[in-house]
Amino acid sequence: MKGPRVIFLIFFVIFVGILCQGLYNIHPYGEPRVSAMDDYFINNAQSERAANNVVTSIVFDYRGFDTLGEAAVLFTAVMSVAALFRKEE
Amino acid sequence: MINNIPMLTVGALFVIGLYGVLFKRNIIKIAIAVSIIESSTNLFLIVLGYRTGGSIPVYTLAGEFKKMVLPTPQALTLTAIVIGLATTALLLTLIMLLYKHYGTLDVHEIRRLRG
Amino acid sequence: MRPLSIVVRTICNIFAWFVAIFGAYVILHGHLTPGGGFQGGAIVATFIALLLVAHGGKSFLGWVKKEIFSSFEGAGLVAFVCVGFLGLSTTFLYNFLALKGGLFGSAVPIGPNAGVLNSSGTIALANIAVGLEVVGGLSAILIFMFLGMRYVSEGGKEGVKDDK
């Protein structure tokens, strides 16, 4: 145990301490504090967008731009795998 | 305190993954630890949006229900899972090429054999 | 990689098609039931993985060319962007088909109901586009990593022993 591993250990202990403090102060399980946006989606997804599945209406409609970035990330990953495994001539 | 067991599970998973990333030497084990951190993040998002007694946010054949769980964290989790899958595939590809180039999976050996 | 035994191949030939049909169902009913383009695409990619493992790479790549999966992926992404641009008279990715009648345009009853397949506008179209992209992308990752496995084990520094 020498070199950078001591620094790793110090930061690991500090991080675990901060994580425990955060988990101690989080809201109780099952009672989210803020839910105004989600209640809007639940109440209006059927009347505004005619979608039975609220999650799909968020993914592809309300937050569609997010999904576009996600699709671009998937495309980039596939292209990277293909480029890394190309045959070396 | 006992009701917060899902939150504590999230913390335990994250600590296990961070321990693997920082202190393991096999690069495959590091990739597994990164996957565990991803899983803890997904579980954290789902746990944040849970309401006690809520049903899934789908109206098809829902039956009688009082309230629904929050849909936005579930949508974000959907995004995070696909991105995690793409990054895992890229990580494993890089590990395969590292093994081809150096002939070992030990990160200390790879650092020593630099160049 | 050699193909697996005749038992595995026979069972795979029967049940892999049910996996493919279930994936197509999850994609096409994405706006009604839990699921959607990403999940259904992953299920259909499982179908490709089953065939690839059971029959071996040589016979599988004799059936389909691997370029077709890359073209699926590109076509899915372009279709998603086109669905976004079609609603540009209001905003990008605006749902211009919902509640207008016609294709995917009927309204749904408010509250729990049995589901109307012809509803939800561009959400269904985007589901199909993203499903196409995920099918192509995950299958392409599987096939490229399968080919790269042989390439790594042949050209490794210490000559990794290939256990037949």
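The values are calculated or read from the model by the stated rules, or taken from the named source; none is laboratory data. Please read these numbers as outputs of a predicted model, since none were measured by experiment. Here the Cβ positions follow ideal geometry from the backbone for every residue, glycine too, while neighbour counts run over all protein chains shown. Keep in mind that these areas ignore ligands, DNA and RNA; they rest on the heavy atoms of the full protein, side chains included. Shrake-Rupley method; radii C 1.70, N 1.55, O 1.52, S 1.80 Å.
Just a few scattered comments:
- Any hit, segment A:73-87, residues being within 21 Å of residue B:75 (Cβ to Cβ), among the small types (Gly, Ala, Ser), touching a helix residue (DSSP H, G or I) at 6+ places or on another chain (Cβ under 8 Å) and assigned to a helix (DSSP H, G or I): yes
- Some residue of segment B:38-47 being within 11 Å of another protein chain (Cβ to nearest Cβ) and either at pLDDT below 90 or touching a strand residue (DSSP E or B) at 6+ places or on another chain (Cβ under 9 Å) (or both): no
- When the residues of segment C:1-38 are filtered to those that are in contact (Cβ under 8 Å) with a residue 60 or more places away in the chain and of a type in the set (A, V, I, L, M, F, W, C), the one that is surrounded by the fewest Cβ atoms within 10 Å (Cβ to Cβ) is C:1.
- Set C:121, C:131, C:137: member being buried (at least 21 other Cβ atoms within 10 Å of the Cβ), at pLDDT 90 or above and facing another protein chain (nearest Cβ under 7 Å): C:137
- Filter pass, residue A:82 being of a type in the set (Gly, Ala, Ser) and either farther than 18 Å from residue C:129 by Cα or at the interface with chain B (Cβ under 7 Å from one of its Cβ atoms) (or both): yes
- Residue count, segment B:27-54 (criterion: more than 20 Å from residue B:73 (Cα to Cα) and open to solvent by 60 Å² or more (accessible area, probe 1.4 Å)): 3
- When we screen B:77, B:93 for residues that are touching a helix residue (DSSP H, G or I) at 6+ places or on another chain (Cβ under 6 Å) and over 24 Å from residue C:148 (Cα atoms), the only hit is B:77.
- Listed by first and then second residue, the pairs linking a residue in segment B:65-93 that is farther than 16 Å from residue C:34 by Cβ and more than 7 Å from chain A (Cβ to nearest Cβ) to a residue that is open to solvent by 60 Å² or more (accessible area, probe 1.4 Å) and hydroxyl-bearing (Ser, Thr, Tyr), with Cβ atoms under 7 Å apart and 6 or more places separating them unless they lie on different chains, are B:80/B:41.
- Tallying residues that are part of a loop (DSSP other than H, G, I, E, B), surrounded by fewer than 16 Cβ atoms within 10 Å (Cβ to Cβ) and among the hydrophobic types (A, V, I, L, M, F, W, C) within segment C:65-95 yields 2.
- Residue pairs whose Cβ atoms lie under 8 Å apart, sitting 6 or more positions apart in sequence or on different chains, and linking a residue in segment A:28-46 that is in contact (Cβ under 8 Å) with a residue 24 or more places away in the chain and of a type in the set (A, V, I, L, M, F, W, C) to a partner that is open to solvent by 40 Å² or more (accessible area, probe 1.4 Å) and in a helix (DSSP H, G or I), do not occur here.
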